[in-house]
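Colleague: Here you go, one structure.
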Amino acid sequence: MSYLAQELSVLLKDDAESNIPVKLENAQGAWIWNIKKPEERYFTSDFWKLLGYLNTTETNDDLFWQKAILKGDLQYSYQQLQNYLQSTKKDFHSLERYHDIDNEVIWIKCTGFVVLDKYNEPQYVVGTTEKKDRIQSLENHKTLIEHINEAATIGIWEVYPETEKFFWNKVTKEIYEVPENFEGTLADALVFSKDEDSLAIVQKSYEDAVTKGIRYEVETIITTAKGNDKWVKAIGIPVMKNGKCTKLYGLIQDITEEVQKREKLAHQEALFRNTFESSSIGMAIVGLEGDWLRVNKSLCEMLGYEKDELYKIKFQDITHPADLDIDLQNVYDLIDGKAETYQLEKRYFHKNGDIIFALLSVSIIKDNNGNPLHFVSQITNLSEQKAAYRKIQSLLEITQNQNHRLLNFAHIVSHNLRSHSGNLAMLLDLMKMEMPLQTNNDYFKMINQAVDNLSATIKHLNDVILVHTKKREDVKQLNLTDFIENTLNGLNAHILENNVSIENNIKADVYINYVPAYLDSILINLLSNAIKYKHPSRTPVINLSIEEGTNYIVLLVADNGIGIDLNIHKKNLFGMYKTFHEHPEAKGIGLFITKNQIEAMEGKIEVESTVNKGTTFKVYFKK
């Protein structure tokens, strides 16, 4: 047992002659403190039981208390002892914090009295201990708040106006990016304001809080100790006593990310607002019941209403009855979550009663919980397009009727002229047989030539008519190589006569869907022209090849003939009765019929040519 324990035991005896005013044996704990050696202080086992120390000998050491008390409170307790001894107060009071056996902080109230020695000099201070549960509860609550603030990254701060010294907790220091040991005055804190505007806001808020007791909540920009700019929200609460601010405390939070989100949202809203108002198409925000909540100028001009007039009605009121059901069904699908958008063509009634054709595109807007808020509608006026379409359709019908009449006319003319020209030719043949002397003159020869020309013209006209009378059911799958071989066989005499070299590079497995008569005609025209317009000073060569495209099979017919001057003749190359060489057999009908046949099968023909080098025709057969 320590000597202080023995001294305390003596003092606690019922018959002890001491000058302490109360007995200590019923307290939660007792203690004795050596005034001359203040590091020595003995606490009874009841006290240590409060801290969870059971059946341990280390607590008997008069110095052990220094290990249990919080370091910051150790110096405080020494100072309290000195203040007490220097004062005239009868009682000693000290509120101290100790670590229990689990290292948790426990608040202890120490109450004591001085004990004099035989010389009437202060020797000990003896007293009781009391666990302060209410203070402990407040401490626990404070610790909890501190943890919550750390989790929410909310800093705590305090400022004492008299000294302008401040306290920042861990989170506040992290926000300002200062060291953990950072301390200073209010002036040291103000230097973190990024600019004069931010500084003015902080200074004005502080002044109003201190002088007028006004609580504040502000958002400003700071530049941290590491040079990073941050937006912070600061809340200040003044503590007033007798009209004077004794303390200002509050919270601070880094809201940089929040501000950036707000600025981004504000930018998006401004962009949407500008787009909404300046859009050339009608735009509207429509309520779930069909109310016009917001409309732009283009929509008002389209429908003929002022904004205030539209806000008094619903879209259902100006929708054509025949289009209303399908429109409403789409609206219900959006509300029920079956779709996010829809688009349809519908009709509105203009204010003057006219029908407006429109393309409606609708999206639904929902809140964070997925609940529908309203619709965003885009309305494109199709009335002019519809009117233009109807006009085109009318013109197309007129053109088709005219073409049909012209085709009938061509049939009639072709048939009748063919009959008359046949009769004329037959009469001339009879005259040759029955009156040979009368036919042996220049006039008869000219009449006979004119009748032959008329018959040829009628045949050409009939060929052109046949191009437009062939039906799609005449289309068959044709082997291109077979048709080329047949055509070359038909032209064999001309090929041998002109010593033509044929280079056929087309594989045997190339098939096209075509009218057989058209393919025959196209091949005969192109190959015969390549022979007909050979170059006089070199051996004729005709090259046949295929190029495979996405939508077409392309036949290339290339020769080394005299070529065509496309700078002069390209525009009229496929015209009827257009010739480009002084060849006695040139009629100007073959390429005209070829082009018509190709285009009738949804294809096209192109030509590349250089004078005295040759010509290449490209025929596009649609797949």
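The values are calculated or read from the model by the stated rules, or taken from the named source; none is laboratory data. These numbers were taken from a predicted model, which means no experiment stands behind them. Reconstructed Cβ throughout: ideal geometry from the backbone, glycine too, with neighbour counts over all protein chains shown. We work out accessible area using only protein heavy atoms, side chains counted, and drop any ligands, DNA or RNA first. Shrake-Rupley method; radii C 1.70, N 1.55, O 1.52, S 1.80 Å.
Colleague: Please report, in debye to the nearest 20, how large the charge dipole of segment 487-541 is about its Cα centre when each Lys and Arg carries +1 at its beta carbon and each Asp and Glu carries -1 there. Intermediate values should be presented prior to the final figure.
Modeller: On the way: 4 positive and 4 negative charges, 41 e Å.
For this selection, approximately 200 debye.
Colleague: While we're looking at this one, here's another question. Please state the shape class of segment 264-339: rounded when a/c is under 1.5, otherwise prolate if a/b exceeds b/c and oblate if not, all from the C-alpha gyration tensor. Walk me through the numbers before you get to the answer.
Modeller: Values: a/c = 2.24, a/b = 1.27, b/c = 1.77.
Note, shape of segment 264-339 comes out oblate.
Colleague: Further question: With axes computed from alpha carbons, what is the tilt in degrees of helix 3-12 against the longest principal axis of the chain, rounded to the nearest 10 within 0 to 90?
Modeller: It works out to around 70 degrees.
Colleague: Same structure, new question: Could you tell me what % of all Cα pairs in segment 488-623 have separations over 27 Å?
Modeller: Values: 1468 of 9180 pairs.
Value for segment 488-623 (Cα pairs over 27 Å): 16 percent.
Colleague: Moving to a separate point now. Angle, helix 442-467 long axis vs. longest principal axis of the chain, Cα atoms, 0 to 90°, nearest 10?
Modeller: Value to nearest ten degrees: 30.
Colleague: Under 8 Å for C-alpha pairs, at least 6 residues apart: give me the relative contact order for segment 530-574, rounded to a whole percent.
Modeller: Working: 45 pairs, mean separation 16.9, N = 45.
Reported relative contact order: 38 percent.
Colleague: Continuing with this model, one more query. Can you give the relative contact order of the chain as a percent, counting alpha carbon pairs under 8 Å and 6+ residues apart? List each step's numbers first, then the result.
Modeller: Details: 935 pairs, mean separation 34.3, N = 623.
Over the chain, the number comes to 5 percent.
Colleague: GLU58: accessible area at probe 1.4 Å, nearest 10 Å²?
Modeller: 90
Colleague: Excluding ligands and nucleic acids, what accessible area in Å² is computed for LYS534 using a 1.4 Å probe, to the nearest 10?
Modeller: 70
Colleague: Moving to a separate point now. Which of TYR176, ASN551, LEU488 sits closest to the plus end of the dipole of the chain, meaning its Cα is farthest towards the positive end, when Lys and Arg get +1 and Asp and Glu get -1 on the C-beta?
Modeller: LEU488
Colleague: For LYS230, go through the lysines and keep the ones whose alpha-carbon is under 22 Å away, minus same-chain ones fewer than eight residues off.
Modeller: Within the straight-line limit of under 22 Å, LYS230 reaches these lysines: LYS170, LYS173, LYS194, LYS204, LYS261, LYS264.
Colleague: Could I ask something else about it? Could you give the size of the charge dipole of the chain about its Cα centre, using +1 on the Cβ of each K and R and -1 on the Cβ of each D and E, expressed in debye and rounded to the nearest 20?
Modeller: Working: 70 positive and 87 negative charges, 516 e Å.
For this selection, approximately 2480 debye.
Colleague: Could you state, as a whole-number percent, how many of the C-alpha pairs of segment 204-311 are farther apart than 19 Å?
Modeller: Result: 67 percent of Cα pairs exceed 19 Å.
Colleague: Now for a separate question. Residues with amide H under 5 Å of TYR249's amide H, sequence separation 5 or more or different chain, H placed in the peptide plane at 1.01 Å from N; which?
Modeller: Placed amide hydrogens put VAL159, ILE237, VAL239 under 5 Å from TYR249.
Colleague: Could you work out the relative contact order of segment 261-323, using alpha carbon pairs under 8 angstrom and six or more residues apart, expressed as a whole percent? Working shown, then result.
Modeller: Numbers: 57 pairs, mean separation 15.6, N = 63.
Computed value for segment 261-323: 25 percent relative contact order.
Colleague: Just name one of LEU303, VAL331, GLN268: the one whose Cα is farthest towards the positive end of the charge dipole of segment 264-332 (beta-carbon charges, Lys/Arg +1, Asp/Glu -1).
Modeller: Most positive-ward Cα: GLN268.
Colleague: So for the chain, what percent of the C-alpha to C-alpha distances run longer than 49 Å?
Modeller: Values: 118500 of 193753 pairs.
Result: 61 percent of Cα pairs exceed 49 Å.
Colleague: DSSP loop (so not H, G, I, E, B), at most 10 other Cβ within 10 Å: list which GluC sites (Glu not before Pro) in segment 238-303 pass both filters. Spell out each step's value before the answer.
Modeller: Numbers: sites: GLU257, GLU258, GLU263, GLU269, GLU277, GLU289, GLU301; in loops: GLU289.
Of the GluC sites (Glu not before Pro), the ones in loops of segment 238-303 whose Cβ has at most 10 other Cβ atoms within 10 Å are GLU289.
Colleague: On the full set of protein chains, 1.4 Å probe, figure out the accessible area of ASP520 and give it in Å² to the nearest 10.
Modeller: Probe radius 1.4 Å; accessible area of ASP520 about 60 Å².
Colleague: Along the charge dipole of the chain, which of MET240, TYR124, TYR53 sits closest to the positive end, that is, farthest toward it, with unit charges on the beta carbon of Lys, Arg, Asp and Glu (+1, +1, -1, -1)?
Modeller: MET240
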